[in-house]
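A short worksheet on the structure shown next.
The values are calculated or read from the model by the stated rules, or taken from the named source; none is laboratory data. Model, not experiment: these values are computed from the prediction. Positions of Cβ are generated from backbone atoms using ideal geometry, with glycine treated the same way; all protein chains shown enter the neighbour counts. In case anyone asks, the SASA skips ligands and DNA or RNA and just uses the protein heavy atoms, side chains included. Shrake-Rupley method; radii C 1.70, N 1.55, O 1.52, S 1.80 Å.
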Amino acid sequence: MRLVTCLIVIVLAASSTAFKPNAEGHGGVTNEALESLGFCRDARDGIETGNLLTDILEQLTASAHFDGESLPDGSRRLLDKIDAVVELVDAAVNDDDEFFGFDFLDGTLGLIQNAVGIVSPTVAGILGTTNEQRGAWSACGQGLHSLQDFYSHSNWVEMGNDSPFEKLGTEELPPVPEDSRPCPDDPAVLDLDGDGGNILTTGYFDFSPSRHCELLSEPGKCRHGWDLAGCASGLNKDEPTRPNYATARAIAVAATRDYVQLILNRLEELSEDHVQTFKGNCSPTNETQVFFATNTLSGSCDTLDIEIDEVGRDYELHIELDDIDSVSLLDPSDVELADDDDVGSSSASIDLGDTPTAGTYTLEICGDSERDYSVELITSSTVLSYQFSFTRTAGARNEGRYPATVNQQPILGQSNEIFAELYGASINAQSVSFSFVSIEDGRVLKTFSLPIEEDANDGVTFFGDVTVDFADQFFLRVTGELINGDSFIRYFRSREYQAQYPEVQLASEEDTFQLGPDSGSVSFDFSVVNHDVQAHSYTLELQVLNNEGAYTGSIRSVSKNKVLDSDTVTLNSGESVVVSVELNVEDHDDIDFGDLIEMNFRARASGDNVVNSVDVVGQYVGCSGNPICNGNGVCDPETNECLCDTGMDCGDSDDDDDDFIPSASLPSIPGFSVFSPSPTDGSPATSFTSFTSNNSPSSFGGSPGSGDSSATATSVSAALLLICLVFVIA
């Protein structure tokens, strides 16, 4: 049994920053290359997800970004990812259900694949893809992230190159000479007449701002450059404002095509099915939702108006209600299409035919008062409600907009960023309109439009801001037309939403965490903002969602900008607070290396619309040390070996100098240490209060395990952690 304790303390907030995860950076580079090779949207999204989420899951792994002159490890990683893609695609083609899992993917890829649903339940799974197929896309995306970072983080361009480095993806590179001095006088300035212009190097990334800027641990080497540390100048060409960005990006696009072509060449040797499985399905037909409502019978009968569109085949209406008395459905001409003969004891299904008349249908359901019921209209179509998510800012290395985590709800009365994607050809993007509709009866709560992000031949994406100014539970509905004028209606019922006054976000620099057999604790910062016009006393809770046992903990109140009273904090209107949560494992017996730790931090008050939370996913790894790797590095989940800061002791007897990540030093922030056992802010403790809680998922709208529809997705590609379908939208 795993017992987890949590300690919550008020602390000061902290903040942090290869190509950015947007159209100008990793996402755009990847999509541009994949489109030119004929990849379908599901595959592109899956690969992009693995790519972009590498910044969250592997932000401290130097080889994932070619940081710190990690040329041997980075180049070997590219070879390993190609092998992983080929093996996963082969398993998908041969329907090898037993192939996928930690036996093969005992490291990062498996963590990513299994934990994606913690962050976003809307992914490529709605198109009938398999774990193996999504895993292949994930592995490809991870490899591409590293490949693209090579051109952004190295001096390849400054050495006069304008085409890809052909050895990447085909062989392992030798190490950089230890005595090379590419930046001898200033870690931000290459000596182009010396080693900086003649010896391949990459910048060092240190998460300690002072160490990052000065780079005293690596004299004569080059720094990556980090604006949030106060020293943006360095080797990186991560965004358009950086020198040589355009050249590096153009090479990265070409290199991405070359790398993917290497994979395609391997798959072609197996069969054409392998190639098409990897490229995805460009013309999927799948069930999609045209209407949904769930409510409680207000009397003996309820009446609902249901709109039927013109873009679909085989429309079927499903009603769920215990002890149904009668069901009646009238078409737009008031012709009855259903009566008691269609009713079962607890459900009824009405086949509306291949192409029913479009218009408003009237449904009457009768039964015992106060019983819950649900109504769903399904059709098969090539126009699918593919993705929808409220978004959040995440990624310490490359901040971008990622899907909100499963338990995060939009903020009531505030502007919220949302992303939506329709899958299908011939959509008239200008005709598309969005509505928030009531879960209870399908009525429209708010109608709005969103700016078009991308209008492609196989789908349309939208991104923009919308204010949620109602307290009801809701889904998102979209209406529009095809180019030929046929109308469609689609529901994005990946989960239920209900806006809340508190805003809860992860405030730490680190987006994920590791625990090991000796190191049983980890700290995280979370921010809570009260957006209500009145003050609320919020109870703070920590849950481990995948832990079958209970957890215990204590809350220490301290004197800083706010005072915790037991496990609560009072926030006035517009007031915010940052709390530090310490997670402690009390019993390691029931934990295996590679296990996920799915953590949820929640703030709730008494009343309506006053509960919200955020999820964080970590991994139990096999490295020793307390803290893990003695706090001088991170654990490589694939090898269970420490990746250490240069010259530092990670606590094992192996040659630490062979496994180092000079770019991965932990942040030096008062009151916060990512892998240290406890806060060190020095504030006086005024009280201690023990508490216990069960570990079941929170029950407010959108909690894990709540009734998802077939369009809900398990998820996606890759990358764990975070989140999903690759689309960071920035």
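Quick notes
- Residues (loosely packed, with under 15 Cβ neighbours inside 10 Å and of a type in the set (Ser, Thr, Tyr)) located in the range 432-448: SER433, THR447
- Helices (runs of 4 or more DSSP H) wholly inside the range 197-297 that include at least 2 residues being within 30 Å of ASP185 (Cβ to Cβ): 209-214, 245-268
- Within the range 469-498, being within 20 Å of the chain's Cα centre (by Cα) and among the small types (Gly, Ala, Ser) holds for one residue alone: SER494.
- Positions within the range 264-297 being in contact with a strand residue (DSSP E or B) (Cβ under 9 Å, 6 or more places away or on another chain) and not hydrophobic (A, V, I, L, M, F, W, C), in sequence order: PRO284, THR285, ASN286, GLU287, THR288, GLN289, THR294, ASN295, THR296
- Residue list for the range 271-297, restricted to those being of a type outside the set (S, T, N, Q), surrounded by 15 or more Cβ atoms within 10 Å (Cβ to Cβ) and within 24 Å of ALA139 (Cα to Cα): HIS274, VAL275, PHE278, LYS279, GLY280, CYS282, PRO284
- Residue match in the range 105-114 (condition: crowded, with 24+ Cβ neighbours inside 10 Å, over 30 Å from GLY622 (Cβ atoms), at pLDDT below 95 and not small (Gly, Ala, Ser)): no
- Some residue of the range 440-457 being over 18 Å from PHE475 (Cβ atoms), in a strand (DSSP E or B) and in contact with a helix residue (DSSP H, G or I) (Cβ under 8 Å, 6 or more places away or on another chain): yes
- Residue in the range 628-635 that is over 30 Å from TYR402 (Cα atoms) and at pLDDT 75 or above present: yes
- Residue within the range 505-521 that is more than 28 Å from VAL569 (Cβ to Cβ), assigned to a strand (DSSP E or B) and at pLDDT below 90 present: yes
- Yes/no for ASP314 being farther than 11 Å from ALA348 by Cα, acidic (Asp, Glu) and open to solvent by 40 Å² or more (accessible area, probe 1.4 Å): yes
Conditions (1) open to solvent by less than 20 Å² (accessible area, probe 1.4 Å); (2) out of contact with any strand residue (DSSP E or B) (no Cβ under 6 Å at 6 or more places or on another chain); (3) of a type in the set (Phe, Trp, Tyr), marked per residue:
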{"site": "GLY459", "(1), (2), (3)": "yes, no, no"}
{"site": "GLY464", "(1), (2), (3)": "yes, yes, no"}
{"site": "THR467", "(1), (2), (3)": "no, no, no"}
{"site": "GLY485", "(1), (2), (3)": "no, yes, no"}
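- Answer from ALA252, ALA232 - the residue that is open to solvent by less than 60 Å² (accessible area, probe 1.4 Å), of a type in the set (Gly, Ala, Ser) and over 26 Å from the mean Cα position of the chain (by Cα): ALA232
- When GLU370 is tested against (1) assigned to a loop (DSSP other than H, G, I, E, B); (2) touching a Ser or Thr at 6+ places or on another chain (Cβ under 9 Å); (3) closer than 29 Å to ASP42 by Cβ, just one condition goes unmet, and that condition is (3).
Listed here are the residues, each with its yes/no results for (1) at pLDDT below 80; (2) within 22 Å of ASP615 (Cβ to Cβ); (3) crowded, with 24+ Cβ neighbours inside 10 Å.
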| residue | (1), (2), (3) |
| --- | --- |
| GLU32 | no, no, no |
| ALA43 | no, no, yes |
| ILE47 | no, no, yes |
| GLY68 | no, no, yes |
| ALA91 | no, no, no |
| VAL123 | yes, yes, yes |
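- Every pair of residues 6+ apart whose Cβ atoms lie under 6 Å, when the first sits in the range 281-306 and is farther than 17 Å from SER328 by Cα and of a type outside the set (Phe, Trp, Tyr) while the second is open to solvent by 70 Å² or more (accessible area, probe 1.4 Å) and part of a strand (DSSP E or B): THR296/ASP372
- Residues of the range 629-644 classified as crowded, with 24+ Cβ neighbours inside 10 Å and assigned to a helix (DSSP H, G or I), total: 1
- Hits in the range 580-597 (condition: open to solvent by less than 30 Å² (accessible area, probe 1.4 Å) and charged (D, E, K, R)): GLU582
- Whichever residue in the range 156-188 is at pLDDT 95 or above and hydrophobic (A, V, I, L, M, F, W, C) and, among such residues, is most open to solvent (accessible area, probe 1.4 Å): MET159
- Per-region count, the range 298-311, residues exposed (fewer than 14 other Cβ atoms within 10 Å of the Cβ) and either among the acidic types (Asp, Glu) or in contact with a strand residue (DSSP E or B) (Cβ under 6 Å, 6 or more places away or on another chain) (or both): 3
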